[in-house]
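S.K.: This structure is in structure tokens; I'll ask about it shortly.
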Amino acid sequence: MSFTAIVVASLLTVSVGQPAPEGEEGLWVVPVDAEPLGPGPASALTHLLFESLRERFSGRVEASEGPFEGRWHVRLRALPLAKDTLFVLTLHRPDGSIEVSRRVTTLLDDAAKLVPRMVEAALENSELAETRNLDNIIDQEARPPKRRGGDNILGPRFAVSVPTLDYAPMASFQFSGRFAVDDSFLEFAAGPLIPLSYTDGPSYGGFTIDLGMSRFLNHDATSVYLGGGLNPRFIFAESVLAVLPYVQGGVMFMRDASTKAFFELRLAQNVLPIRTFNHRSKDGSLGDQDGGDLPTEFGIAVGIGW
């Protein structure tokens, strides 16, 4: 069930610049029927709406039961939900059609801040966010943005990396976490690094970690992102440690669902020399790598998260 507060404006100027019909005297407020919330909240909302309009129209506000045919009027509904309350304020034309509508879901306790803002937004045909200041922020605006279910995900990530300099390709199965910051996300991933030694080139395995950040280029259910980061590795080789700065581009699917998937391409560069145990010289024999190698790596990855 819902309850309704109706205000009839005679001297009201609407968003298109058309004044309400002349010959009326002030604004009329209809008492609120708020059975789901009880008489207390209903009376309080009626008073808030009454005072908000009286401030805007220099006190020209009176109580009235209607009728409202042929007159501009404002209608306020409050629908109690499980935790929050849905507030809907609409500005109606004389024929009853809706000229402007504003709605927001927040706590009932926010009504004292919210109702004046909704009245202002409707009469000025502006967005509710444009009426916000440091003193009238409501609970819904203070909550962390969830944006279509949120972009924070945890789940598996599978990646394959193909180095240059005849190094064997490597695969990794990682645990990955992504944590949203506005339209960007921080990424952490860690897991074993396994060489796919089907070539005669040098190879190594170990444990790999990804630390990076990416930014979405669009704000849709399927979004493209670009980013970069650092990929330190603890490897089973003479050099023990490898460090690779990287850049990447990818696509995240189903951002509006609780389960999300992603696909990405990566370019990484070793900045510490790699010296493996099975390096082969040009004549095919095992030998020293002198100062070591700095292979570039091309990678591809897929993942899923919840």
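S.K.: What does the charge count near residue 303 come to, summing +1 for each Lys or Arg and -1 for each Asp or Glu among other residues with Cβ under 15 Å from its Cβ?
M.R.: +1
S.K.: Right, another one. Can you tell which of 201, 265, 179 lies farthest toward the positive end of the dipole of the range 131-278, using +1 and -1 charges on the Cβ of basic and acidic side chains (Lys, Arg; Asp, Glu)?
M.R.: 179
S.K.: What order do you get for 98-104, 151-157 when each peptide is scored by the mean count of other beta carbon atoms within 10 Å, highest first?
M.R.: Peptide ranking by packing, descending: 151-157, 98-104.
S.K.: Then there is this: Around residue 112, under 13 Å between beta carbons, what's the net of Lys plus Arg minus Asp minus Glu among the other residues?
M.R.: Charge balance near residue 112 sits at -3.
S.K.: Ok, one more. Of all the Cα-Cα pairs you can form in the range 231-275, what percent are over 18 Å apart?
M.R.: Here the tail beyond 18 Å accounts for 49 percent of pairs.
Coordinate-derived values only; no laboratory data. None of these values were measured; they are calculated from a predicted model. Ideal geometry is used to build each Cβ from the backbone, glycine not excepted, and the neighbour counts take in all protein chains shown.
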